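The values are calculated or read from the model by the stated rules, or taken from the named source; none is laboratory data. Just so it is clear, the model here is predicted, and its values are computed rather than measured. Cβ coordinates were reconstructed from backbone atoms using ideal geometry, including for glycine residues, and neighbour counts include every protein chain displayed.
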Amino acid sequence: MMTSSMIRLEHGRATLALHRLRDAEGPPLLLLHGLRGSSADWKESGDPDAWPGSVYAIDFAGHGGSGWLRGGGYHPEIFAADADLALEEIGTAYVVGAGVGAYAALLLAGARPDLVPAALLLPGRGLDGGGGHPDFFAFARGFDAELRTLTSPPEPPPSHDPLVRHAETDVRPPEYASAFAERARRLILVARDGVAPRWWTAVVESPAAEAVHGAATRSWSELATAHLLVASPARDGA
Amino acid sequence: MTPAPSYPGALAPERAWWLESLGVRLRVHEWGDPGAPPVVLCHGMFDHGRVFDVLAPLLAERFRVVAYDARGHGDSEWASAYSWPIDVISIVQLLRSLRRPAHLVGHSRGGAQATDAAARAPVDVRQLVNIDGFGPPPEGFDEFGERSTKPLPERFAEYLDWRRGASTRSTWRAYDGIEDLVDRRIRQNPRLTREWLRYFAYHGARETERGWIWKADPHLTRGFGPWQPGWIAPGWAPLRVPMLAVTGTERDTWGPLPEKLIQERLAYVPHAERARVAGAGHFVHLERPRETADVLLAWLER
C-alpha cells in the first residue's frame with residue numbers, strides 16, 4: 001500500500017533522506033532522481049503502487065531533504081555512493097535512475113551486481129555529463145561564468161545546492177561506462193529523443209544492455225514493471 | 001603543550017587571515033611588504049602552508065608572499081567532500097582577493113592545481129612556477145594504489161565499501177609524541193634532518209589529549225573517478241602565462257618523472273622553461289630552499 005516514511009542515512013559528513021514510498025512484500029525498488037531534482041519527482045511521474053514490492057526513493061546529497069556537502073565536491077560517484085548506503089539499508093533492490101541518477105545506477109549496477117539484479121536507466125537532468133573526454137579549452141573559457149554562478153546565490157534560494165553543477169560537467173568516458181556495464185547483470189536503457197551521450201551509446205552495446213525505444217513518455221512505474229522483473233535467459237539462466 | 005620548535009632560517013608568517021571559499025574557510029599566511037608584488041604559494045598533498053616557512057622569507061625580500069592551506073589541510077577547515085575543480089576555484093579566489101596579478105607557485109598537487117588555475121584565470125597570474133607537479137606516470141604512482149590491476153567496477157566497489165564507513169572515519173590515529181610523526185615523515189623525506197622535519201610536522205599536526213594527530217582530513221585519502229594521466233598535458237594547452245618547470249635531480253617517492261616524459265608533457269605548454277635544483281628530490285623547496293629561492297628570484301619579474 002502507498003505509505004511514506006523517511007529513513008535517515010549517515011553518508012560521510014552528510015545526512016541523507018531515504019523515503020519509503022510503498023511498503024509491501026516483494027522485490028524492493030530503489031529510485032535515483034535526476035540532477036536538481038528530488039525524491040518528490042517520482043510521485044509526479046509514476047505510481048509506486050504499480051510495483052509489486054516496497055519502493056524507496058533517495059534524495060542525493062545537496063538535494064531535497066538530504067544535507068548539502070559543505071564546500072561542494074559533488075560528482076556522480078558520490079551520488080552512487082549515496083545510493084549504495086540505501087542498498088546497505090534495503091538489501092538487494094532493483095534500481096531506476098533518471099538523468100545523473102541513471103549514470104549513478106549504471107555505476108552501482110556494475111559495482112554491486114550481487115545487490116542489483118537489474119537497473120532501468122531513464123533520461124533526465126544531468127544525463128550527459130561533460131562529454132566523453134575533457135575539453136580543456138572549454139573549461140578555461142567557461143570558468144568565469146561558472147565562478148559567478150557559484151558565488152552569486154540566486155534569489156529565492158534554490159532547493160538544491162548550487163554546487164551540484166559539478167556533477168553535470170564531469171567527464172564520462174565511454175570506456176569507463178562500458179567497464180561498469182560489462183559487470184552489470186541487466187541494464188534497460190530508455191532512449192530519449194535526440195543525440196545520446198557517448199557513454200550511453202557505449203553502454204547500449206554491452207551484452208547486459210537492452211534498449212527500449214519510443215517509450216520516453218511512459219511513466220517510470222509502467223516501464224519498471226514491464227521491463228525490470230523479466231528474467232534474462234542469457235544472464236540469469238532463468 | 002609542546003612549544004613550537006625553531007629551525008635555522010624558518011620564520012613564522014607575519015600575518016594570517018581567512019579566505020571564505022565556497023562554504024569553507026581557508027587559512028592564508030603572509031610574509032613581506034603588503035605593498036610588494038604578490039607571490040602565491042600552493043603546497044602539495046597532505047602538506048600545509050607552513051612548509052614554506054624557510055622559502056617564503058627568502059622570497060619576501062622582494063615580494064608579498066602569500067601561502068594558503070588548501071581545504072582539508074593545515075589550519076583550513078575540512079569540507080564534506082573534495083574535488084579537484086573546487087581546489088582550483090579556491091586558488092583563483094585567493095588570487096582575486098589580492099586585487100592585482102600575482103606570481104603563482106605550486107608544488108606537486110599544488111603545482112598541478114596552480115597550473116589549472118593559471119589556465120582558467122590568465123589575467124590574475126603573471127608567471128607560473130610548477131615545482132614537480134607534472135602528475136603521475138601513465139601507469140600511476142604505486143603509493144596511491146593506482147597500479148591495481150583489478151577491474152574498475154571492483155575498485156569502485158572497494159571505494160563504496162570505504163564510503164559506507166566514512167561517517168565514522170573522522171580522525172587519524174594518535175601518535176604518542178612528535179618524534180613519531182618525524183619517524184613517519186622521514187620515510188618520504190629521507191634527505192631532511194630530523195630538526196627540519198620536526199618543525200613542519202609540528203605545524204602539520206595537533207597535540208590533543210589522545211596524542212599527536214595530523215591536521216589533514218582523512219577523507220582526502222579516498223576518491224574515485226574516470227581521471228587518467230593522459231589528460232594531464234593536454235590540460236596545459238590553454239595556458240597563456242609562462243611556466244617555469246622546476247624539478248630536483250634525485251628520484252624518490254613522487255618524482256621527478258623521467259625527463260623524456262616531462263618534456264613530452266611540457267610540449268603542450270605554449271611558453272615553458274625548465275630548471276633543475278641539484279641534489280633535491282620531489283620536495284625541492286624543502287630540501288634546497290636557498291637554491292629554490294635563487295631559481296625563483298632569477299625568474300620571477302625577469
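So in the stretch A:17-44, with the set limited to residues that are touching a residue at least 60 places away in the same chain (Cβ under 8 Å) and over 15 Å from the mean Cα position of the chain (by Cα), which one is surrounded by the fewest Cβ atoms within 10 Å (Cβ to Cβ)?
Across the stretch A:17-44, the extreme among qualifying residues is A:27.
Looking at (1) closer than 28 Å to residue A:152 by Cα; (2) at pLDDT 95 or above, can you tell me which one residue B:182 breaks?
The failed condition is (1).
Take the residues in the stretch B:148-195 that are over 30 Å from residue A:179 (Cα atoms) and touching a Pro at 6+ places or on another chain (Cβ under 9 Å), then tell me which one is farthest from the other protein chains (Cβ to nearest Cβ).
Within the stretch B:148-195, the match that is farthest from the other protein chains (Cβ to nearest Cβ) is B:195.
Could you grab me the full set of residues in the stretch A:9-30 that are under 25 Å from residue B:72 (Cβ atoms), part of a strand (DSSP E or B) and not polar (S, T, N, Q)?
The answer is A:9, A:10, A:11, A:14, A:16.
Can you tell me which residue in the stretch A:69-94 is nearest to residue A:10 (Cα to Cα), limited to those that are in a loop (DSSP other than H, G, I, E, B) and more than 8 Å from chain B (Cβ to nearest Cβ)?
A:91
Residue under question is residue A:14, and the condition is that it be of a type in the set (A, V, I, L, M) and in contact with a helix residue (DSSP H, G or I) (Cβ under 6 Å, 6 or more places away or on another chain); does it hold?
Considered against the rule, which asks whether it is of a type in the set (A, V, I, L, M) and in contact with a helix residue (DSSP H, G or I) (Cβ under 6 Å, 6 or more places away or on another chain), residue A:14 comes out as no.
Inside the stretch B:64-90, can you point out the residues that are surrounded by fewer than 24 Cβ atoms within 10 Å (Cβ to Cβ), more than 9 Å from chain A (Cβ to nearest Cβ) and of a type in the set (A, V, I, L, M, F, W, C)?
Passing the criteria: only B:84.
Please specify each residue of the stretch B:263-293 satisfying the condition of being of a type in the set (A, V, I, L, M, F, W, C) and buried (at least 16 other Cβ atoms within 10 Å of the Cβ). Let's see the steps before the verdict.
Taking the stretch B:263-293 and keeping what is of a type in the set (A, V, I, L, M, F, W, C), we get B:266-267, B:269, B:272, B:275, B:277-278, B:280, B:283-284, B:286, B:293.
Selection gives B:266, B:269, B:272, B:275, B:277, B:280, B:283, B:284, B:286, B:293.
Scanning the stretch A:1-17 for residues that are more than 14 Å from chain B (Cβ to nearest Cβ) and modelled with pLDDT of 95 or more, which turns out nearest to residue B:79 (Cα to Cα)?
A:17
Can you tell me which residue among B:238, B:270, B:226 is assigned to a loop (DSSP other than H, G, I, E, B) and closer than 30 Å to residue A:11 by Cβ?
B:226
Looking at the stretch B:3-13, can you tell me whether even one residue there is in a loop (DSSP other than H, G, I, E, B), closer than 17 Å to residue B:199 by Cα, at pLDDT 95 or above and touching a strand residue (DSSP E or B) at 6+ places or on another chain (Cβ under 6 Å)?
Checked against the condition, which is being in a loop (DSSP other than H, G, I, E, B), closer than 17 Å to residue B:199 by Cα, at pLDDT 95 or above and touching a strand residue (DSSP E or B) at 6+ places or on another chain (Cβ under 6 Å), the stretch B:3-13 yields at least one hit.
Considering only the stretch B:269-276, I want to know if a residue exists there that is among the acidic types (Asp, Glu), in contact with a strand residue (DSSP E or B) (Cβ under 9 Å, 6 or more places away or on another chain) and free of Cβ contacts under 8 Å to residues at least 40 places away in the same chain. Spell out how you get there, then give the answer.
Let us first name the residues in the stretch B:269-276 that are among the acidic types (Asp, Glu), namely B:273.
So of that shortlist, the ones also in contact with a strand residue (DSSP E or B) (Cβ under 9 Å, 6 or more places away or on another chain) come out as B:273.
If we keep only those that are free of Cβ contacts under 8 Å to residues at least 40 places away in the same chain too, we end up with B:273.
Yes, the stretch B:269-276 has at least one match.
Residues of the stretch B:162-192 being in a helix (DSSP H, G or I), touching a residue at least 40 places away in the same chain (Cβ under 8 Å) and more than 30 Å from residue A:11 (Cα to Cα), which ones?
B:178
Considering each residue of the stretch B:193-223, count those that are farther than 22 Å from residue A:78 by Cα, in contact (Cβ under 8 Å) with a residue 12 or more places away in the chain and not in a loop (DSSP other than H, G, I, E, B), and give that number.
Residues flagged as farther than 22 Å from residue A:78 by Cα, in contact (Cβ under 8 Å) with a residue 12 or more places away in the chain and not in a loop (DSSP other than H, G, I, E, B) within the stretch B:193-223 amount to 15.
Any chance the stretch B:3-21 includes a residue that's closer than 23 Å to residue B:170 by Cα and in contact (Cβ under 8 Å) with a residue 40 or more places away in the chain?
yes
Can you tell which of B:127, B:113, B:93 is in contact (Cβ under 8 Å) with a residue 60 or more places away in the chain, under 26 Å from residue B:277 (Cα atoms), within 14 Å of chain A (Cβ to nearest Cβ) and among the polar types (S, T, N, Q)?
Numbers: B:127 fails: within 14 Å of chain A (Cβ to nearest Cβ); B:93 fails: under 26 Å from residue B:277 (Cα atoms).
Step by step, each of B:127, B:113, B:93 is checked, and only B:113 is in contact (Cβ under 8 Å) with a residue 60 or more places away in the chain, under 26 Å from residue B:277 (Cα atoms), within 14 Å of chain A (Cβ to nearest Cβ) and among the polar types (S, T, N, Q).
Residues to consider are A:124, A:142; find the one that is touching a strand residue (DSSP E or B) at 6+ places or on another chain (Cβ under 6 Å) and not aliphatic (A, V, I, L, M).
When all the criteria are applied, what remains is A:124.
Picking from A:206, A:219, which residue would you name as being touching a helix residue (DSSP H, G or I) at 6+ places or on another chain (Cβ under 9 Å) and crowded, with 17+ Cβ neighbours inside 10 Å?
The unique qualifying residue is A:206.
Tell me which residues, restricted to the stretch A:72-87, are of a type outside the set (A, V, I, L, M) and in contact (Cβ under 8 Å) with a residue 60 or more places away in the chain.
Of the residues in the stretch A:72-87, the ones of a type outside the set (A, V, I, L, M) are A:72-77, A:79, A:82, A:84.
Listed by number, the residues that qualify are A:72, A:73, A:74, A:75, A:76, A:79, A:82.
Filter the stretch A:186-197 for residues that are more than 17 Å from the chain's Cα centre (by Cα) and closer than 21 Å to residue A:176 by Cβ and give the result. Even if it seems obvious, please write down each step before you answer.
Just the residues of the stretch A:186-197 that are more than 17 Å from the chain's Cα centre (by Cα), to begin with: A:193-195.
Result: A:195, single match.
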